[in-house]
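In what follows, a structure is listed as structure tokens, so that the remarks can point back to it.
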Amino acid sequence: MVKIAVIGAGLGGLIAARLLNNLADVSVFEKARGVGGRMSTRRSEPYFFDHGAQYFTVQSDLFQSFIDPLIARGVIENWKPRCVHLDGAQIAERRKNVADELYYVGVPGMNSVAKFLAEDLSISLNTKITKLEHDIKWNMTDETGRVYNGFDWVISSIPAPQAADLIPQKFKYYKDISRTEMRGCYALMLGFEHSLSLGFDAAHVMNSDLSWIAVNNHKPRRSGAVSLIVHSSEDYADTHIEDDRMDVMRHMVTETSRVLGQDIDCADYKTIHLWRYAKAGLADHIDQILLDDESKLAVCGDWCVGTGVEDAFTSAYNLANKIKELVL
Ligand SMILES: Cc1cc2nc3c(=O)[nH]c(=O)nc-3n(C[C@H](O)[C@H](O)[C@H](O)COP(=O)(O)OP(=O)(O)OC[C@H]3O[C@@H](n4cnc5c(N)ncnc54)[C@H](O)[C@@H]3O)c2cc1C
């Protein structure tokens, strides 16, 4: 049986692994202690935060046909937030969801989608692949020095800058990968024992170092504990990417208080996370399947197609089907 290694257990890696799993011997390697990547949920009882992807929309029939069974299984539900645009402390414009742009979320957390897809897959967690070598087959080494031998194919499904560090430079599409930049994002997580009166459930923030505020517990089937998620702007994150995290957290708390017009420094729980590679720049998409059928190395990720969850799906789906055509 053809042996395939998939690096990365975000949505893309899991989709590729599932599509090939019955036809090949597939092993997934993930550096984190859980699956989901940028579609993750941080838990600090009683608070829950989807600190990466907030929701997703559906553009293509293909993606719709992928999520429909997950909706039927109760893994994905619609989220209907009162969504506003905030400019400073002013509510600038109330935005209503239109029928063709439904917001979907994993339930009870964004990571439920990845957990569902990971069932029955062979996944090594806490395993960061640091070296890829090809002789007749692919051999991989993790950061502890452990070697994994004998793969016919390797699929990389990790953010572009991380792929550029790992993929051999002679890979046919190496230049496309190495020129793809990804922007950062800080996620501030705030938990409150008391209720908050904001007048909205989700807000796009303009003219600020913040870009987004969401009442995470408003999403379906979340716990009641008030859990606020605040994202920085990409510009702020990129400019302050090496700053002391406590300084960044203090700044974002102050800015959130200013934008909301109420002091949120009184939060009962506060923490911050940096997504160093949150989203690709809009001009950077490669829009082709990154696959070399001579060396049997393939690369996918949201950044190949766009910036969001559906793009991660599309990239992995197209890649896995191409590999199916070639080898199975
Ligand atoms: C703050 C933020 C907000 C977002 N908001 C939205 C939104 O509202 N709507 C939307 O549609 N999209 C949103 N996105 C984008 C969305 O999360 C991504 O498009 C999607 O999750 C990408 O999936 P992926 O599988 O391509 O990559 P990832 O989810 O990044 O998966 C890659 C995986 O590879 C692992 N990995 C990396 N290097 C290695 C290695 N060397 N060895 C082993 N494992 C490795 C990582 O730990 C990770 O689990 C957001 C992203 C962020 C960060």
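Annotations
- Where a residue in the stretch 207-226 is assigned by TED's automatic domain parsing to the domain that holds VAL75 and its partner, wherever it lies, is aromatic (Phe, Trp, Tyr) and in a strand (DSSP E or B), with Cβ under 7 Å and at least six apart: ASN216/PHE48; ASN216/PHE49; LYS219/TRP79; PRO220/TRP79; ARG222/PHE48; SER223/PHE48; ALA225/TYR47; VAL226/PHE192
- Condition check for GLY191: closer than 24 Å to SER232 by Cβ, in contact (Cβ under 8 Å) with a residue 40 or more places away in the chain and not in a loop (DSSP other than H, G, I, E, B): yes
- Checking each residue in the stretch 9-25 for being within 14 Å of the ligand (Cβ to nearest atom) and either surrounded by fewer than 24 Cβ atoms within 10 Å (Cβ to Cβ) or farther than 11 Å from ARG38 by Cα (or both) picks out GLY13, LEU14, ILE15, ALA16, ALA17, ARG18, LEU19.
- For the stretch 245-288, taking the residues that are out of contact with any strand residue (DSSP E or B) (no Cβ under 8 Å at 6 or more places or on another chain) and under 30 Å from GLY13 (Cα atoms), the one that is modelled with the highest pLDDT is identified as GLN288.
- Test: residue in the stretch 253-262 that is outside the structural domain of GLY199 (by TED's automatic domain parsing), without any contact (Cβ under 8 Å) to a residue 24 or more places away in the chain and more than 16 Å from the ligand (Cβ to nearest atom): no
- Here the condition is being surrounded by 16 or more Cβ atoms within 10 Å (Cβ to Cβ), more than 25 Å from PHE56 (Cβ to Cβ) and touching a Ser or Thr at 6+ places or on another chain (Cβ under 9 Å); of VAL248, VAL259, it holds for VAL248 alone.
- Among the residues of the stretch 152-175, those that are away from the ligand (no atom under 11 Å from the Cβ) and either part of a loop (DSSP other than H, G, I, E, B) or touching an Asp or Glu at 6+ places or on another chain (Cβ under 9 Å) (or both) comprise ASP152, PRO168, GLN169, LYS170, PHE171, LYS172, TYR173.
- Scan of the stretch 115-141 for residues that are in a loop (DSSP other than H, G, I, E, B) and within 15 Å of the ligand (Cβ to nearest atom), ordered by number: LEU121, LEU125, ASN126, THR127, LYS128
- Residue that is surrounded by the most Cβ atoms within 10 Å (Cβ to Cβ), among those in the stretch 208-222 that are more than 13 Å from TYR55 (Cβ to Cβ) and small (Gly, Ala, Ser): SER211
- VAL154 being assigned by TED's automatic domain parsing to the domain that holds HIS204 and of a type in the set (A, V, I, L, M): no
- Residues located in the stretch 227-242, provided they are of a type in the set (S, T, N, Q) and either outside the structural domain of ASP268 (by TED's automatic domain parsing) or part of a helix (DSSP H, G or I) (or both): THR239
- ALA298 vs. criteria part of a helix (DSSP H, G or I), within 16 Å of the ligand (Cβ to nearest atom) and either among the hydrophobic types (A, V, I, L, M, F, W, C) or within 17 Å of LEU14 (Cα to Cα) (or both): no
- Test: residue in the stretch 68-89 that is touching a Leu at 6+ places or on another chain (Cβ under 8 Å) and at pLDDT 95 or above: yes
The values are calculated or read from the model by the stated rules, or taken from the named source; none is laboratory data. This one's a predicted model, so the numbers in the text were calculated from it and none came from an experiment. Cβ coordinates were reconstructed from backbone atoms using ideal geometry, including for glycine residues, and neighbour counts include every protein chain displayed.
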